[in-house]
Number of protein chains: 2
Amino acid sequence: MSPRSSLADAARTRERIVRTAVDEASRIGLEGLTIGALADRLGMSKAGVIGPFGTRDILQGEVLERASLIFRTAVVDPLAGVPPGPDRLARLIDAWIDYLADCPFPGGCFVTSVSAELDGRPGPLRDRVRAAVIDWHTLLTAEIAAAQQDSTVSDRFAEEIATTLVGISMAVNQGIQLLDDRSAAARGRRAMRHAAGLTG
Amino acid sequence: MSPRSSLADAARTRERIVRTAVDEASRIGLEGLTIGALADRLGMSKAGVIGPFGTRDILQGEVLERASLIFRTAVVDPLAGVPPGPDRLARLIDAWIDYLADCPFPGGCFVTSVSAELDGRPGPLRDRVRAAVIDWHTLLTAEIAAAQQDSTVSDRFAEEIATTLVGISMAVNQGIQLLDDRSAAARGRRAMRHAAGLTG
């Protein structure tokens, strides 16, 4: 095997492990993630699973980073090229609800799950989840503030509206994941648009 | 020891186990609850912990029931004697935010935690969490609908407002438990009052 193809193989293996670990962690939590269960699911040895990362902590960190990337790809990337304002905020809400309704994670919104799991467990992993949530609140608040420049959007404090939208996303996620509520996404979309002061 | 005092002792022991298990589960989850860790914390044998219940499933069920009772005592009981309407809804919101800000559970809102933990784990425990959440949504929607009879309250669909309030409670819980955000409760209270169409 040439060095180049062996490097490509290593990258593919690493990718397969991270992707499987993201799926698994979205259902059973980041702390619940065991190398043994991953090895079973991947048909690999435990040493083969942990080898590319070195430690379980590093694997958990990469899983969280990947999950954040998947979220941004679904919810933020569709806004590219749309100028700040109410239309952009409406698109963000649509992409967010679509993400929850047809979720790339089998266990529903990844960060919502691991936030509830890790909030009472101090350590570097909790710190990273906290930072990811704060990043999202900051981005969302800026989008809301930009949309408020337009008079059709409510002038209530952007941070307060951000809290409401974040909350509705959690309620929709619970509606879908726990309550099997088929109207949760549509109701959440209306509730978000109303809270953001968007009409229609 | 008289039979009466031995019965009282048994009741006290059972109470101590349930209360400790509620605290433990609010931090590490209902599935994370192990008889060994409980026995260590209580200074009891494993057999002594599980004995009064028979099985871990039954103990988990009692823990969930107790947590629901603690929630209702904090949030619903203060409404006793207040007639349906906007003032009653405002009091419910105040009690709910106070519950989140000064939470009787060390890990924050119990049902929010175990909802995220168990939503992807089918079984009788998930069914019980689901039923508890649905009961709360039903009660909340009825309170909102009753408050809407008064013209000062928004006439938006009661169920949609309930989704928004449930969501804000989750965002406040995350703000307090994960983000260490000292303004989360005050912002959440304003957001809930606004969403419910209450002024002031």
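Dividing the Cα radius of gyration of the protein assembly as shown by 2.2 N^0.38 Å, with N the residue count, gives 1.07.
Share of carbon and sulfur in the accessible area of chain B stands at 54%, probe radius 1.4 Å.
The mean number of Cβ atoms from other chains found within 10 Å of a Cβ in peptide B:109-116 is 5, as a whole number.
Simple point charges give the picture: +1 on the Cβ of Lys and Arg, -1 on the Cβ of Asp and Glu, and for the protein assembly as shown a dipole about the Cα centre of about 700 debye.
Put a plus charge on the Cβ of each Lys and Arg, a minus charge on the Cβ of each Asp and Glu, and nothing anywhere else: the dipole of chain A about its Cα centre is then about 440 debye. What percent of all Cα-Cα pairs in region A:141-200 falls into each 10 Å bin, going from 0 up to the bin containing the maximum distance? Calculated P(r), rounded to whole percents: 25, 47, 23, 6.
Between copies, the label points at residue B:57 (set 7 angstrom from Cα along Cα-to-Cβ) are spaced 3.9 nm, reported in nanometres from shortest to longest.
The slack between residue A:76 and residue A:4, meaning 0.36 nm per residue of separation minus the straight C-alpha distance, is 22.5 nm. Sorting B:139, A:198 by solvent-accessible area of protein heavy atoms yields B:139, A:198, largest first, with a 1.4 Å probe.
Towards the positive end of the charge dipole of region A:3-196, with charges on Cβ (+1 Lys, Arg; -1 Asp, Glu), say which of A:195, A:158, A:74 has the farthest Cα. Positive-most Cα among the choices belongs to A:74.
Distances from residue A:183 to itself in the other copies, using label points 7 Å out along the Cα-Cβ axis, amount to 3.6 nm in increasing order.
Give the accessible area for residue B:137 in Å² (nearest 10); use a 1.4 Å probe, count only protein heavy atoms, and leave out ligands, DNA and RNA. Accessible area, nearest 10 Å²: 50 Å². Take each residue in A:176-189, count the other chain C-beta atoms within 10 Å of its C-beta, and the mean is 3.
Each eigenvalue of the Cα gyration tensor of region B:3-196, multiplied by 5 and square-rooted, gives one semi-axis; in descending order these are 34, 18, 15 Å.
Quick one: buried accessible area between B and A, total over both chains, 1.4 angstrom probe, nearest 100 Å²? The summed interface area works out to 3400 Å².
Considering only alpha-carbon pairs that sit under 8 angstrom and 6 or more positions apart, the relative contact order computed for region A:26-176 is 27 percent.
The values are calculated or read from the model by the stated rules, or taken from the named source; none is laboratory data. Quick caveat: nothing in here was measured; it's all calculated off a predicted structure. As a convention, Cβ positions derive from the backbone with ideal geometry for all residues, glycine included, and neighbour counts pool all protein chains shown. We work out accessible area using only protein heavy atoms, side chains counted, and drop any ligands, DNA or RNA first. Shrake-Rupley method; radii C 1.70, N 1.55, O 1.52, S 1.80 Å.
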